[in-house]
1. Go through (1) in contact (Cβ under 8 Å) with a residue 60 or more places away in the chain; (2) under 29 Å from Leu24 (Cβ atoms) for Trp190 and report which single condition fails.
2. Taking the stated definitions as given, is Arg150 buried (at least 17 other Cβ atoms within 10 Å of the Cβ) and either under 28 Å from Ser83 (Cβ atoms) or assigned by TED's automatic domain parsing to the domain that holds Asn134 (or both)?
3. So which of Glu101, Glu55, Glu66 ends up being farther than 23 Å from Gln185 by Cα, among the acidic types (Asp, Glu) and touching a residue at least 24 places away in the same chain (Cβ under 8 Å)?
4. Considering every residue within segment 280-298, establish whether at least one is under 24 Å from Ile193 (Cα atoms), in contact (Cβ under 8 Å) with a residue 12 or more places away in the chain and small (Gly, Ala, Ser).
5. Which residue, of Ile81, Ile110, is surrounded by 14 or more Cβ atoms within 10 Å (Cβ to Cβ), in contact (Cβ under 8 Å) with a residue 60 or more places away in the chain and under 19 Å from the mean Cα position of the chain (by Cα)?
6. Can you go through Arg46, Arg102 and tell me which one is part of a helix (DSSP H, G or I), at pLDDT 95 or above, out of contact with any Ser or Thr (no Cβ under 9 Å at 6 or more places or on another chain) and not hydrophobic (A, V, I, L, M, F, W, C)?
7. Can you go through Ile88, Ile60, Ile6 and tell me which one is touching a Leu at 6+ places or on another chain (Cβ under 6 Å), under 18 Å from Thr167 (Cα atoms) and either at pLDDT below 95 or hydrophobic (A, V, I, L, M, F, W, C) (or both)?
8. When the residues of segment 245-274 are narrowed to those that are in contact with a Ser or Thr (Cβ under 9 Å, 6 or more places away or on another chain) and either assigned by TED's automatic domain parsing to the domain that holds Ile188 or outside any helix (DSSP H, G or I) (or both), which ends up nearest to Tyr232 (Cα to Cα)?
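The values are calculated or read from the model by the stated rules, or taken from the named source; none is laboratory data. In this text, all values refer to a predicted model and were calculated from it rather than measured experimentally. Every residue, glycine among them, receives a Cβ derived from its backbone with ideal geometry; neighbour counts consider all protein chains shown.
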Amino acid sequence: MSLVTILTPAYNRAYSLPRLYQSLKAQTDRDFEWLVVDDGSVDDTRELMQGYIAENAFPIRYIHKENGGKHDALNVGIAAIDSAWTFIVDSDDWLTENAVERIRFYADRIPGYDARRKISALCFLRAYPDGKTNGEMPRDNEVVGNFIDRRINSHDELADKAEVYLTEVLKACPFPVYPGERFLQENIVWIRIAFDYDMLFLNEAIYIGDYLADGLTRNVRKNKLRNPVGMYENAALLMDSRFVGIVRVKGALLYDIYYKIAHGSMLRGIPHSPNRLLTAAVLPAAYLIYWYYMVRYGRLLKD
């Protein structure tokens, strides 16, 4: 059994996977496997992966499934993993050559940390191709903390990180799948895990992120508007008392907006909200933002 599985969901990314493959071939520690879950690609992904498997440079598994969205592909992949750690690496990104080596270094040190709750993940930094760090640099080289406090309450949630999770934790908290929706913000799972677990935050980048024009990040507004149920379910979590006030207000606003997109009414969403008073209080502002969205982005729902 490998130390870590590099899990890559892919959809029509035969053109970008070679860069990730080369970075994996260059790893200084080979105690890993690469699991690619092909989410219904219609390009040459299958042939590409068959070629890589034949090269036998390191252990590779390839799973092909019908298209259901990245979160659905992640569920399929996580269910198939038996290594202790899982590292989700997108198909348009790649790793530094010492990534697995550094995962081993910190994984071995976890038992020595005095955490309030069990540590569920190693949280490394991501860098852009030019070497610039994505988001804020931690003040300390190593610190045990909580995803909610250090990522969302600190307003660093827009900066992607490189989280390596214990596989058993991911298996216990799969990504929810909503009928007809093929996009889901991954935060919905990271937040649920954070209710029970802490993370080890590290001032070290092992992941290089490249945001391609056809990627989910570049098309995030369209994906959010077209997949509103997952959006308001995620927003509902943000109203929890563990979040600071401004985050709870944001959660209530987003809950109202996306509930209306999904079901045609904000009022009908209030009884289902985890904070009915706050959800009702922000209704006037939510209506204004909703109409702004419709004026500026409404065409995305029709394209």
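1. (1)
2. yes
3. Glu101
4. Taking every residue of segment 280-298 in turn, none turns out to be under 24 Å from Ile193 (Cα atoms), in contact (Cβ under 8 Å) with a residue 12 or more places away in the chain and small (Gly, Ala, Ser).
5. So the residue among Ile81, Ile110 that is surrounded by 14 or more Cβ atoms within 10 Å (Cβ to Cβ), in contact (Cβ under 8 Å) with a residue 60 or more places away in the chain and under 19 Å from the mean Cα position of the chain (by Cα) is Ile81.
6. Matching residue, one of Arg46, Arg102: Arg46.
7. Ile88
8. Ser273
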